[in-house]
Amino acid sequence: MNIHDNISLRGLNSFGVEARAARLVEWESEDELATVCFDGRWMALGGGNNILFTKDFDGTLVKSAARGIEITGQDAGSVSVRARAGVDWNDFVTWCGERGLWGAENLAGIPGTVGAAPIQNIGAYGAEAKDIIASVECFVVGGGTRLTLAAEHCAFGYRDSVFKRELRGKVIVMAVNFVLSKEPRPNLHYAALAEKTAEFGEPTPESISRAVISIRDSKLPDPSKTGNAGSFFKNPVVDVAIAHELAAIYPAMPVYPAVERGKSKLAAGWLIEQAGWKGRVEGHVGIHPKQALIVVNTGGATGAEIVEFARKVQSAVREKFGVELETEVNIVC
Ligand code: NAP
């Protein structure tokens, strides 16, 4: 276990903002976690890809250094796999692809760790982590006990789970158990992905992953060069009636069915672009010119500046469309 006091977080958050944490604990085993003092404020940190520090963190950050992926069972059609929390998410996707296992390929290239994946139920190209998660192994802070939650008890929703709600601040994800398919299950409902995959030949987990990464690389800024945290905003889910009203005024507006009955999903990126914010820069913060969902640190921005900028984007969308944009990024105040 590594313990760092008064540590700079600049290299530990993909926005690249400066902030310090009173303590950072890097753990590898459950036994090590059991020795950590959780009195006072604490928070789990994954790859730092979905977080925005607006000031110094006066407590303990807990980060997993637990690596390892293993097959734990299989039957005729599927393979059960356990991956520990500190495994890089894309390494996990690659591991599955190399073995011809289906289910993770649409989620290629998402920055972060396996342990962070269930927290916000990461998703892309019509797939979500919940589609392949069987259970999540957690360490219960305070009790020091282990809790394994079956997927049906994780309350997975759109970029949401029990870990962001009832279990927030109560557990630390130690490992995730997945079920992957041996049978081909290409999920190519997103038009851009179907087109790009076709360029690489037959759909396989590896060719689909390659296609996803190729599209992502062409549209998304590399956080090692331009600070960002992926999608800053969630796609708004509104009543079908509201979506119809807006579509009557803006016929080009994309509208997709939402998982919830009576609701529609709007594309936050389109709303931001139409509100005139795509590519706009103010001070050290901007909206990425190729992808309006992404707020970028153009160099030297503070977390507070980024939040202020994001509030302006939210106001612009609210004024033009009457739609509230929620942030996907975890803002730490
Ligand atoms: P896009 O293809 O330009 O589409 C814009 C939006 O329309 C997406 O947000 C997507 O919703 C929705 N959409 C497109 N085709 C759809 C379909 N067939 N059925 C239902 N909804 C559809 O999207 P993009 O911005 O380049 O992103 C591509 C994918 O990567 C998306 O799934 C996006 O969520 C994901 N992504 C996630 C992050 C992140 O940080 N979480 C960052 C970048 C991209 P959904 O977003 O609900 O899929």
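The values are calculated or read from the model by the stated rules, or taken from the named source; none is laboratory data. Remember, predicted model here, so these are calculated numbers, not experimental data. Glycine gets a Cβ as well: all are built from the backbone with ideal geometry, and neighbour counts include every protein chain shown. The area values use the complete protein model at the heavy-atom level, side chains included, leaving out ligands, DNA and RNA. Shrake-Rupley method; radii C 1.70, N 1.55, O 1.52, S 1.80 Å.
Data for the structure
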item	result
Accessible area (Å², 1.4 Å probe, nearest 10) - Thr145	70 Å²
Nearest-10 value in Å² for the accessible area of Ile51, using the 1.4 Å probe	10 Å²
Diffusion constant of region 2-64 at 25 °C, which comes from Stokes-Einstein with the Kirkwood Cα-pair radius and 0.890 mPa s, µm²/s	207 µm²/s
Cβ-defined net charge surrounding Lys55, 15 Å radius [Lys, Arg +1; Asp, Glu -1]	-2
Fraction of accessible area attributable to carbon and sulfur, the chain (%, probe 1.4 Å)	49 percent
Relative contact order for the chain, counting Cα pairs under 8 Å that sit 6 or more residues apart, in percent	17 percent
Placed amide H near Ile122: partners under 5 Å, 5+ positions off or other chain	Ala129
Gyration tensor verdict on region 60-116 (Cα atoms; rounded if a/c is under 1.5, prolate if a/b is larger than b/c, oblate otherwise)	oblate
Pairs beyond 22 Å (Cα-Cα), from Lys219/Lys278; Lys170/Lys312; Lys130/Lys225; Lys130/Lys278	Lys170/Lys312; Lys130/Lys225; Lys130/Lys278
Accessible area in square angstrom per residue, the chain, 1.4 angstrom probe	46 Å²
Cα extents of region 227-332 along the three principal axes, largest first (Å)	43, 25, 21
For region 22-77 and region 179-239, distance of Cα centres in Å	26 Å
Surrounding net charge for Val285, when Lys and Arg each add one and Asp and Glu each subtract one, Cβ distance under 9 Å	-3
Inverse of mean 1/r across different Cα pairs in region 219-259, Kirkwood, Å	12.8 Å
Cα gyration tensor category, rounded, prolate or oblate, for region 1-111 with a/c compared to 1.5	oblate
For the chain, alpha-carbon Rg over 2.2 N^0.38 Å	1.00
Prolate/oblate/rounded call for region 69-218, Cα gyration tensor, a/c under 1.5 rounded	prolate
Local net charge near Arg82, Cβ-Cβ under 13 Å (Lys/Arg +1, Asp/Glu -1)	0
Sites excluded, GluC sites (Glu not before Pro) in DSSP loops with at most 13 other C-beta within 10 Å, longest stretch of the chain	1-165
